[in-house]
Structure formats: structure tokens, C-alpha cells
1. Within the stretch 93-134, track down each residue that is out of contact with any helix residue (DSSP H, G or I) (no Cβ under 9 Å at 6 or more places or on another chain) and assigned to a helix (DSSP H, G or I).
2. Please list, ordered by first then second residue, the pairs with beta carbon atoms under 8 Å, 6 or more apart or interchain, first in the stretch 136-150 and assigned by the TED database to the domain that holds residue 63 and crowded, with 24+ Cβ neighbours inside 10 Å, second hydrophobic (A, V, I, L, M, F, W, C) and not in a loop (DSSP other than H, G, I, E, B).
3. If residue 28 satisfies every condition in (1) among the hydrophobic types (A, V, I, L, M, F, W, C); (2) in contact with a Phe, Trp or Tyr (Cβ under 6 Å, 6 or more places away or on another chain); (3) open to solvent by 70 Å² or more (accessible area, probe 1.4 Å) but one, which is the exception?
4. Quick one: which of 290, 258 is surrounded by fewer than 19 Cβ atoms within 10 Å (Cβ to Cβ) and modelled with pLDDT of 95 or more?
5. Determine, yes or no, whether residue 273 is among the hydroxyl-bearing types (Ser, Thr, Tyr), closer than 15 Å to residue 201 by Cα, out of contact with any Ser or Thr (no Cβ under 7 Å at 6 or more places or on another chain) and at pLDDT below 95.
6. Considering only the stretch 157-172, how many residues are without any contact (Cβ under 8 Å) to a residue 60 or more places away in the chain and open to solvent by less than 70 Å² (accessible area, probe 1.4 Å)?
7. Report, by residue number, each residue of the stretch 31-40 that is open to solvent by 70 Å² or more (accessible area, probe 1.4 Å) and in contact (Cβ under 8 Å) with a residue 24 or more places away in the chain.
8. If residue 231 satisfies every condition in (1) free of Cβ contacts under 8 Å to residues at least 24 places away in the same chain; (2) in a helix (DSSP H, G or I) but one, which is the exception?
Amino acid sequence: MVSSRGALLEEIESLVHRHPSKLSMETFSTQNKGYHAEMTVVTYCRNRKDCEDKSKLRILLSFGQHARELITTELALRILSILSEEEFLSSAYPLNLNNTLDRLVIKVVPMENVNGRKLVEAGDFCERRNGRGVDLNRNWSVDWGKKEKDYDPYEENPGTAPFSEPETQIMRKLCASFEPHIWVNAHSGMEASILLLALFMPYDHKNTTPEGLPSQRMKLMLEKLNRFQLNDRCLVGSGGGSVGYLAHGTATDYMYDIARVPMSFTFEIYGDSTASSKDCFKMFNPIDLITFNRVLNDWSAAFFTLFSLGGVQMKDLHPNATGSGFEKWVSIDDYLNGYLMERKSRYGKKLEVLELGMQEIRTYFRLFLLSSVLLMFMFCSRISKSGRQIVSAMSL
């Protein structure tokens with residue numbers, strides 16, 4: 001049922017080649033201290049000529065961030081197959097997608113953690129980290145490195161610093177260049193709950209949701225998705241407030257707080273309460289064909305419903321915008337370039353960008369202080385030497 005890493009990526013590449021008018025594929029790679037990572041990104045746009053149209057709703061989806069969660073990468077393939085129209089939603093989900101898909105640009109990362117996946121396929125079915133033992137969903141900058149009482153240094157190793165890992169560096173750059181309106185991070189194997197499926201919104205690092213109308217709209221949308229597509233089988237709310245533990249340095253909290261993605265979610269698409277803790281494959285992935293197909297059918301329909309609801313919600317959040325409602329929003333580039341100025345957020349509220357961007361510029365600020373001290377020291381040394389020369393000349 002579950003394809004190997006190589007077979008799945010080859011199948012995605014073939015799919016892209018068969019539909020060049022709708023799909024395109026890029027491969028990004030980078031390295032850090034001898035550790036190399038590579039990532040495939042597939043872009044869907046119904047008309048390739050319109051991909052740069054800022055009026056379109058931009059959606060960023062990530063699958064396979066944790067290596068052992070193989071079912072999530074299969075869902076990525078299913079979604080891409082439906083987007084290409086080689087496969088279709090089940091007749092149980094009568095969605096009219098034509099108008100919705102015309103308004104979207106979607107970037108799909110089908111396998112974020114390729115190096116960790118290699119370890120799983122080599123027999124380490126419990127491995128969730130990347131190729132050098134870092135949990136990629138603890139390596140982002142929001143509340144990075146904080147450890148709870150139940151912290152597991154093996155499972156939750158956050159790395160040596162925020163964005164120390166090539167995989168998170170690639171994802172951060174992808175987000176900054178694409179500026180998505182919707183982010184979804186797909187996972188499986190949620191524990192500590194009778195309900196093993198979830199639709200989570202921020203925050204993961206505290207047991208509350210953000211304040212204000214945008215947050216209320218996010219939750220309302222998830223509740224609709226749960227009720228009408230997933231038969232009320234999911235937990236809905238903040239990750240930190242729902243699963244019984246807090247997670248620090250997660251992708252979704254970064255996307256919402258720093259990247260300012262208006263609608264940032266984590267979906268838990270599968271879990272098996274009967275699985276032994278030692279049977280990681282069964283805990284995180286379906287082992288029979290009927291369950292496998294049900295998971296892919298249910299969640300592909302949920303994602304396409306999200307695409308449809310997302311467009312409606314974003315127009316409600318910014319009702320004064322023209323066209324489809326997205327081209328007048330403040331871009332991330334403007335946000336970062338103007339960090340000493342007050343600007344309007346995507347929701348029309350005044351905010352101080354320096355405050356929200358501090359986690360990103362703290363390192364540069366420290367370097368600035370250090371260089372200033374060194375320059376002052378050099379300046380004072382020159383004055384001191386000049387003074388001694390003048391005194392010597394006067395004594396002569």
C-alpha cells in the first residue's frame with residue numbers, strides 16, 4: 001500500500017510531466033555542517049500563466065515532516081492526483097471544484113523529511129527526526145528550546161539553534177517567497193486522546209488560541225470542516241490546549257506569529273489506539289487496504305473543502321479588498337523591510353512590526369552591538385594614540 005520514498009517521488013515527477021499546464025516541480029537543497037538535505041516542491045495552478053497573480057489564494061501544504069508518518073505522504077500524492085484530474089473525489093463528497101480551483105495557487109511539499117524517511121525504510125519504524133536526529137517540528141523560532149517536564153530529549157531534540165536544520169531553512173525560505181494565506185502541516189499518530197484525529201490551530205506552545213476575530217473565524221471554519229466532512233471525529237482547537245502537552249518551536253506557531261499566515265493549521269489524519277507503543281508502523285499508519293483508502297478518501301475531501309471554505313473566509317477577513325481580495329495585503333517583504341515603522345496587518349489592525357519580528361532579528365541586533373563596541377574601542381584607541389603624540393611634541 002505505502003510506496004517507498006523513491007517510488008512515491010518518481011510517481012509525483014511522472015504526474016507533473018503528464019500535466020505541465022497545471023503542475024510544475026522544483027527541487028531545493030542546502031547543507032549545514034556537512035549535513036545535506038533536499039526537498040521537492042510541486043506547484044499547482046490551473047493556468048500556469050496566472051501563477052504569479054497576487055489576487056489568487058495561496059496555499060502551502062507540508063507532508064512527511066515526521067519520518068514515520070508515511071500515510072501523510074500518500075495523502076500528498078492523492079491530492080496532487082485529484083488536482084491533475086487523474087483521480088477524483090469519492091461520490092460521497094459532492095464538491096464543485098471548478099470555481100474554487102480557478103482561484104488557487106497551491107504549493108505541496110510531499111515529503112519534507114527525506115533523510116528521516118530513509119531511516120524508516122531501513123527498518124527504524126519509530127524514527128520521527130531528520131537524518132541527524134533533530135525533530136523538525138521543534139526547530140522553528142517561536143518559543144524555541146523550551147523544555148516541559150515531560151520533555152523527551154530523543155524524540156523532541158530541537159537542534160542547536162532555531163533553523164539549524166537545512167529542512168527548516170528551506171521551508172522558511174519557501175514561505176517567505178510564496179507568502180501563503182493558508183498553511184497546513186499534516187501529521188499522524190496523535191496520542192493522549194480518545195479522538196485520534198485533529199484539526200489544530202495555533203498555539204502549540206501554550207494552551208490558548210490567539211485572540212480576536214481572525215482566530216474565531218479559523219475555529220469556526222475547522223468546526224464546519226469537522227462537522228460536515230469528518231463526522232465530528234476530530235479534536236478542534238489549539239494544539240497546546242487539546243493534546244495534553246505543549247510543543248515549542250513548531251512550524252504552525254511560526255507560520256502564524258512570524259510569517260503572518262492568516263490561517264495556519266496542523267491536521268492529525270490518522271491514529272490507532274490499539275497499537276502497541278513498540279509497533280510504530282501500526283500506530284502511525286493504516287495496515288489494511290480498506291482503512292488506507294478510507295483515510296485518503298476522507299482527508300482528500302477535507303482538504304478540498306478547506307480550499308473552498310478558505311476562499312470565503314479570506315474574503316470575509318478583508319472585505320474592502322478588490323478582485324478576489326488578496327492583492328492589497330501587506331507582503332512579508334514589506335513587513336520585514338519596514339520593521340521600524342507602524343504598518344497595517346493583514347487584518348487592518350495597527351501593529352509594531354519590530355515587536356513581532358524580534359525573534360528573527362535578535363541575532364543581527366547582537367552582531368550590530370558587538371561591531372559597535374569594537375568600532376568604539378578602535379576609535380578610542382586612535383584618539384589615545386593621537387593624544388600621546390601631541391603631548392610628546394609639546395614637551396619637545
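1. Matches in the stretch 93-134: 98, 119.
2. Final answer for the pair search is 136/251; 137/251; 140/251.
3. It is condition (2) that residue 28 fails.
4. Details: 258 fails: surrounded by fewer than 19 Cβ atoms within 10 Å (Cβ to Cβ).
Criteria check complete, one pass: 290.
5. Criteria not met by residue 273.
6. Within the stretch 157-172, residues that are without any contact (Cβ under 8 Å) to a residue 60 or more places away in the chain and open to solvent by less than 70 Å² (accessible area, probe 1.4 Å) number 4.
7. Here is the first cut: in the stretch 31-40, the residues open to solvent by 70 Å² or more (accessible area, probe 1.4 Å) are 31, 33-34, 36, 38.
Listed by number, the residues that qualify are 31, 36, 38.
8. (2)
The values are calculated or read from the model by the stated rules, or taken from the named source; none is laboratory data. Quantities reported herein were computed from a predicted structural model and do not represent experimental measurements. Cβ: placed from backbone, ideal geometry, glycine included. Neighbour counts: every protein chain shown. Heads up: the accessible areas ignore ligands, DNA and RNA and are worked out on the full protein's heavy atoms, side chains in. Shrake-Rupley method; radii C 1.70, N 1.55, O 1.52, S 1.80 Å.
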